[in-house]
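Structure first, commentary second.
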Amino acid sequence: MATENEVGKALRSVLSRIEVSSTKRSTDLPNLIPRLVAVSKTKPVSMIQEAYQHSQRYFGENYVQELVEKSQNVEIESNCPDIKWHYIGHLQSNKVKKLLETRNLFMVETVDSEKLARELNKNWKEESKKLKVMIQINTSEEDSKSGVTNENCINLVEFVTKQCPNLEFAGLMTIGSFNHDLSQGPNPDFQKLLKCRAEVCEKLSIPIDSVELSMGMSGDFEHAIEVGSTNVRVGSTIFGARTYSNVKPKSDEKSSKDEGVDKKMADKKVSDT
Ligand SMILES: *Cc1c(COP(=O)(O)O)cnc(C)c1O
């Protein structure tokens, strides 16, 4: 379990692993430097500040209430003025207004329906900049995960680019299956996301370099980068294993899909050690 002082060290180690993985990338992939999103869900504000002091700027959260509270925390506001928040959890349309109370919201990675895109577009009030969004794809087609199917992805990207002037289409995101054994070859979920990007770019005439891929977490971020990830979401390797005893999800979020996914990740972590 990482203590506060260990956050900086863990962060440096993850950053150097990212750098090494980037050099192993096939040269036919867009040469985008991967962004590290430090996933701080369930972790205290003190750890976020610690990571910020070590130059980390992008942080990810997947509970709306927790993100809004952390983003408005007085210490975060005064000590982390340039923080950039990514929302990475399952989002219900009726939570959009709440989510948009987040201070310094930078990107919503989990748009998976026209309804949600429409709500975000309608409620985003900052005129000086658009809200960056990614489309989440359920590449592993598991019921426990949210996201559109590969087939619906193109339609949703088209909807965002043509009907949502306040949103900026930033890329595609997947969680993917957790138990892929790399000795069996590349993770097929990541390959599906790449294929999907190729199709989207071709059908909608979007340059491939402008479409990011968010894939890779603590267990597989190096592989994800080698095969083309431009945005990795790393939590426990930086902040230590999560314990859920002290987390009280709001009752209306209890049944949400992301929690199930997250519990599964937590279970996996436990069984891995
Ligand atoms: C929690 C979470 C992560 C980070 O998981 P780790 O295995 O702790 O790195 C990444 N992506 C999503 C969507 C998450 O919910």
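The values are calculated or read from the model by the stated rules, or taken from the named source; none is laboratory data. None of these values were measured; they are calculated from a predicted model. Here the Cβ is made from the backbone with ideal geometry for all residues, glycine too, and neighbour counts use every protein chain on show. Heads up: the accessible areas ignore ligands, DNA and RNA and are worked out on the full protein's heavy atoms, side chains in. Shrake-Rupley method; radii C 1.70, N 1.55, O 1.52, S 1.80 Å.
Worth a mention:
- The packing ranking of peptides 161-171, 175-185, highest mean first, is 161-171, 175-185, where packing means the average number of other beta carbon atoms within 10 angstrom of each residue.
- Treating r as the C-beta distance of LYS162 and GLU141 and R0 as 25 Å, the FRET efficiency rounds to 0.40.
- FRET efficiency estimate (nearest 0.05) - Cβ-Cβ, ASN152 to VAL20, R0 35 angstrom: 0.45
- From its DSSP helices (H runs of at least four residues, each -39,500 (n - 2.57)), the chain gives a residue-normalised ellipticity at 222 nm of -12500 deg cm²/dmol.
- Accessible-area composition of the stretch 4-234, carbon plus sulfur, in percent [1.4 Å probe]: 46 percent
- Computed 3J(HN,Hα) for the stretch 25-32, one whole-Hz value per residue from the Karplus formula 6.51 cos²θ - 1.76 cosθ + 1.60 where θ = phi - 60°, is 5, 4, 6, 7, 8, x, 8, 8, glycine and proline marked x.
- Once C-alpha pairs closer than 8 Å and six or more residues apart are averaged by separation and normalised to the residue number of the stretch 66-202, the relative contact order reads 20 percent.
- Label-reachable residues, the stretch 116-155, where backbone N falls under 12 Å from a point 7 Å from LYS203's Cα toward its Cβ: 149-155
- Distance between the C-alpha centres of the stretch 176-223 and the stretch 40-78: 27 Å, rounded to the whole angstrom.
- For the stretch 112-128, backbone nitrogen atoms closer than 16 Å to the point 7 Å from SER93 Cα along Cα-to-C-beta are found at 112-124.
- Mean separation of Cα contacts under 8 Å, 6 or more apart, over the residue count of the chain: relative contact order %: 22 percent
- Rolling a 1.4 angstrom probe over the protein heavy atoms with all chains in place gives the stretch 82-165 an accessible area of 45 Å² per residue.
- Stokes-Einstein D in µm²/s, Kirkwood radius over Cα pairs - the stretch 4-234 at 4 °C with 1.567 mPa s viscosity: 72 µm²/s
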